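One structure is given below, encoded as structure tokens.
Every number in this text was worked out from the coordinates using simple rules, so none of it is lab data. Keep in mind it's a predicted model, so treat the numbers as computed, not measured. Cβ placement follows ideal geometry from the backbone for every residue including glycine, while neighbour counts extend to all protein chains displayed.
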Amino acid sequence: MKVIIDTARCNGHGECVIEAPDVFDLPDDSDVAVVREESPDDTRRAEVERAAAMCPVTAILIEG
Ligand code: SF4
């Protein structure tokens with residue numbers, strides 16, 4: 001699985017960080033989330049899918 005954030009869409013409210021803090025991060029001085037782990041293993045699939053579902057602007061893409 002590969003996780004990508006569309007930074008043009010992200011509005012930085014951080015729902016993804018709440019759902020999957022090992023995979024997403026919102027740096028203190030930023031209003032755009034970043035991917036901490038671009039290729040998380042399948043044990044994290046459920047939380048990554050939850051994060052994508054919670055993202056209010058559908059900025060999280062999951063490939064594979
Ligand atoms: S949930 Fe979506 S909009 Fe919010 S910080 Fe994460 S990627 Fe950005």
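Observations
- Cut-off 14 Å, label 7 Å out along Cα→Cβ of residue 42, residues of the stretch 1-27 by amide N: 1-2
- Computed from Cα positions, the angle between helix 45-54 and the longest principal axis of the chain comes to roughly 30 degrees.
- Estimated Rh, the stretch 2-63: Kirkwood, alpha-carbon pairs, angstrom: 11.2
- For the chain: relative contact order, % (alpha-carbon pairs under 8 angstrom, 6 or more apart): 47
- Lys/Arg +1, Asp/Glu -1 at C-beta; the chain dipole; positive extreme among 17, 56, 30: 56
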